[in-house]
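Engineer: Here's a structure for you.
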Amino acid sequence: MIAPLFLAALGTVDPWIFTFSFITVAVTIGMGFWSARQSKTASDFFVAGRSVSVGWNASAISGEYLSAASFMGVAGMVMSSGYDALWYPVCYACGYLFLLLFIAGPLRRFGAYTIPDFAEGRFDSPIFRKIAVCFVLFIGFFYTMPQMKGAGVTLAYIFPGMPYWVGVVLVGAVITMNVALGGMKGITLVQAFQYWAKMFAISVPIFVLMAVFGFYNNHVSANAVAGETAPRAEAVEIGRKPLVDKAPKDAAWVSPFGPLTTKAVTAAAAARPEAERAAYIAEHQKPYSLLYTYSLIIALVCGTAGLPHILVRFYTNPDGVAAKRTTMWVMILIGIFYVFPPVFGAIGRNLMPELYTGVGAKGTDKVVLELPTLLAAKYGVLGSVLSGITCAGAFAAFMSTFSGLLVSMTGALAHDVYGRMLRPKSTAMERLKAFKVAAVITGAVAIILGCFVEPLEINFMVGQAFAIAAASYFPLLFMSVWWRGMTMKGAATGMLTGGLCALVAAALTNFSTLALDKGPMGKIFAPFAPLNGFWAQHPLLRILCEQPAIWTVPLAIGLMIMISKATASTVPADIRMKMLVLHAPEKLGLKQEYIQEHQAGAGH
């Protein structure tokens, strides 16, 4: 069924865009096959043999972290929501400072394979491993959905007329194959390459666009002009059909704490008499926006320190010192990258206002892909070449992040569920086979979920995944690493309550948004349509559910403290030694005790 749709779309494809995209996919697959031949042991599949150097690992983590949300979503949100959306890239980068200071070194020194390994080892509780595995899957699948959205948007752009879901299936199948073949060691080289491919693809087109259409400050000044309704002069200059700007006509786009909660506030205003709407919006916009922004900051900063597919990367370093140096370099690499997407958003608002009328795969999320095509009218093939480069970068973005997520979830299923729960006496080869089977199953589920989320914004979904991570894994890791009084019951209660509350709240807002879709998603999620009326009457509750970190993170930490105090007698007897393992320098050799215990029990 997919093949005829692919062939039908192939005839309308720009050859340069297709060529660059094909090269990226081909190199990714080729490197995956080459790396697969180097992956021979369970240690290679789960933690790349713990032998990845600082430079390679920093590039690989950066490649894995800079997802479709970073490459496409940040630019799209800056274009649609203004500079308030810059909290996304700022907090994405700041989260690594938190990791550097509090978590990276201790986590690596403990010497596990997965975060559920750490959870069981820290509290001597096999039950806690099961809870931790569930949240690896919850966070992972929530985070795969925006990557699949990026895949569908990019393929629909490259192949006009191709349905969104076909792109999701094709990209998902390629990445699933790569992960099944090579595991962690197999994707490390691929992700490191993909970081530099993304860096090239996001930066070069920006310099060319600014050289042709004016520098960044010129576009920001034009965007801040109130009441502009005339066609853009730039559109006429480059030979395009003149367009009437569809963007908001006020200065709120460049004002802080304004645009992010427009949906919640305007929905509530719509339920009021027309004469009261403007006053209602003016009264409620700023405090609600402040609340949403603070919640978003908590989610992104704390969530970065709770993403399983990022945390497991530190186990691939030789030691804790290398893990901290890796984190420092990651901050530098992703900080440089994040300079460029907001520039795309500012220029796109000025030159491509028609994207405001698009939804799903045709909206502002594709501004990074579309902007270079403006050069085609003036410079011919140059526009196609630059558009091909950005498409290649988009491929690298969602492929690298999806690879990391898939390895994280597959490792949890193969190592924790199969190897430690179902068949603890299984051999290394049996676990390798389980890894490959789990990769296929996990990839298939991710593809199915990705087909449902076309109407949702990429960055919006990522923010919710971070909120779930911030309310579950972040409190677990931070409190377990730095507070010796934490008990298993306290950790489990806080993690379950905070994480599940964030999960349910985010899911409800997504379901109600999907119920508004005019296509098939609207029919599937129609039972949740009445929620939109409820949100209109209670915009504050909508905001607290849409971005729940501001209340779920304190809830999780508070419960951990209270329950741990009430169950203080169950603190592990060897807690002092475990805290030494977490914090003492590697030269003392204390870390070896837990690594050897783990390896002996795991059959490696």
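The values are calculated or read from the model by the stated rules, or taken from the named source; none is laboratory data. Just so it is clear, the structure is predicted and the values come from calculations on it, not from any experiment. Reconstructed Cβ throughout: ideal geometry from the backbone, glycine too, with neighbour counts over all protein chains shown.
Engineer: Which one of these does Pro475 not meet: (1) crowded, with 18+ Cβ neighbours inside 10 Å; (2) modelled with pLDDT of 90 or more; (3) farther than 20 Å from Ile103 by Cα?
Structural biologist: Among (1) crowded, with 18+ Cβ neighbours inside 10 Å; (2) modelled with pLDDT of 90 or more; (3) farther than 20 Å from Ile103 by Cα, the lone unmet condition for Pro475 is (3).
Engineer: Related question: What single numbered condition from (1) part of a loop (DSSP other than H, G, I, E, B); (2) surrounded by 16 or more Cβ atoms within 10 Å (Cβ to Cβ) fails to hold for Ala573?
Structural biologist: For Ala573, the exception is condition (2).
Engineer: Looking only at the range 535-554, decide whether some residue is within 31 Å of the chain's Cα centre (by Cα), surrounded by 21 or more Cβ atoms within 10 Å (Cβ to Cβ) and of a type in the set (Ser, Thr, Tyr).
Structural biologist: Among the residues of the range 535-554, at least one is within 31 Å of the chain's Cα centre (by Cα), surrounded by 21 or more Cβ atoms within 10 Å (Cβ to Cβ) and of a type in the set (Ser, Thr, Tyr), which makes the answer yes.
Engineer: Any chance you could count how many residues in the range 417-431 are loosely packed, with under 12 Cβ neighbours inside 10 Å, free of Cβ contacts under 8 Å to residues at least 12 places away in the same chain and within 20 Å of Gly121 (Cα to Cα)? Let's see the steps before the verdict.
Structural biologist: Going through the range 417-431, the residues loosely packed, with under 12 Cβ neighbours inside 10 Å turn out to be 422, 425, 429.
Checking which are free of Cβ contacts under 8 Å to residues at least 12 places away in the same chain leaves us with 422, 429.
Retained after the next criterion (residues that are within 20 Å of Gly121 (Cα to Cα)): 422.
Looking only at that region, the number is 1.
Engineer: Given the conditions (1) modelled with pLDDT under 85; (2) within 23 Å of the chain's Cα centre (by Cα); (3) surrounded by 21 or more Cβ atoms within 10 Å (Cβ to Cβ), and given that Gly172 satisfies all but one, which numbered condition is not satisfied?
Structural biologist: (1)
Engineer: If you check Gly393 against the conditions, is it small (Gly, Ala, Ser), buried (at least 24 other Cβ atoms within 10 Å of the Cβ) and closer than 30 Å to Pro205 by Cα?
Structural biologist: Details: small (Gly, Ala, Ser): yes; buried (at least 24 other Cβ atoms within 10 Å of the Cβ): yes; closer than 30 Å to Pro205 by Cα: yes.
Judged against the criteria, Gly393 is a match.
Engineer: Does the range 377-416 hold any residues that are in contact with a Gly (Cβ under 6 Å, 6 or more places away or on another chain) and free of Cβ contacts under 8 Å to residues at least 12 places away in the same chain, and which are they?
Structural biologist: Across the range 377-416, there are no qualifying residues.
Residue by residue, here is whether (1) touching a Lys or Arg at 6+ places or on another chain (Cβ under 7 Å); (2) assigned to a helix (DSSP H, G or I); (3) within 22 Å of Tyr294 (Cα to Cα) holds:
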residue	(1), (2), (3)
Ala492	no, yes, no
Gly498	no, yes, yes
Ala505	no, yes, yes
Lys518	no, no, no
Phe534	no, yes, no
Ser564	no, yes, no
Leu580	no, yes, no
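Engineer: Do we find a residue being in contact with a Pro (Cβ under 9 Å, 6 or more places away or on another chain), assigned to a helix (DSSP H, G or I), charged (D, E, K, R) and surrounded by 23 or more Cβ atoms within 10 Å (Cβ to Cβ) anywhere in the range 80-90?
Structural biologist: Looking for residues that are in contact with a Pro (Cβ under 9 Å, 6 or more places away or on another chain), assigned to a helix (DSSP H, G or I), charged (D, E, K, R) and surrounded by 23 or more Cβ atoms within 10 Å (Cβ to Cβ), one finds at least one in the range 80-90, hence yes.
Engineer: From Met409, Met421, Met352, Met429, which residue is modelled with pLDDT of 85 or more and among the aliphatic types (A, V, I, L, M)?
Structural biologist: Numbers: Met421 fails: modelled with pLDDT of 85 or more; Met352 fails: modelled with pLDDT of 85 or more; Met429 fails: modelled with pLDDT of 85 or more.
It is Met409.
Engineer: Whether any residue in the range 296-316 is buried (at least 22 other Cβ atoms within 10 Å of the Cβ), farther than 27 Å from Phe142 by Cα and at pLDDT below 70 is what I want to check.
Structural biologist: Taking every residue of the range 296-316 in turn, none turns out to be buried (at least 22 other Cβ atoms within 10 Å of the Cβ), farther than 27 Å from Phe142 by Cα and at pLDDT below 70.
Engineer: When the range 453-477 is examined, which residues are found to be of a type in the set (A, V, I, L, M) and in a helix (DSSP H, G or I)?
Structural biologist: Listed by number, the residues that qualify are Ile458, Met461, Val462, Ala465, Ala467, Ile468, Ala469, Ala470, Ala471, Leu476, Leu477.
Engineer: Name the residues in the range 148-162 that are charged (D, E, K, R) and touching a Phe, Trp or Tyr at 6+ places or on another chain (Cβ under 8 Å), would you?
Structural biologist: Listed by number, the list is empty, since nothing qualifies.
Engineer: Follow-up question, since we're still on this one. Please list, ordered by first then second residue, the pairs with beta carbon atoms under 6 Å, 6 or more apart or interchain, first in the range 563-584 and within 17 Å of Arg108 (Cβ to Cβ), second surrounded by fewer than 17 Cβ atoms within 10 Å (Cβ to Cβ) and at pLDDT 85 or above.
Structural biologist: Pairs found: Met579/Arg484.
Engineer: Looking at the structure I just gave you, is Leu555 among the hydrophobic types (A, V, I, L, M, F, W, C), part of a loop (DSSP other than H, G, I, E, B) and at negative phi?
Structural biologist: Answer is no for this residue.
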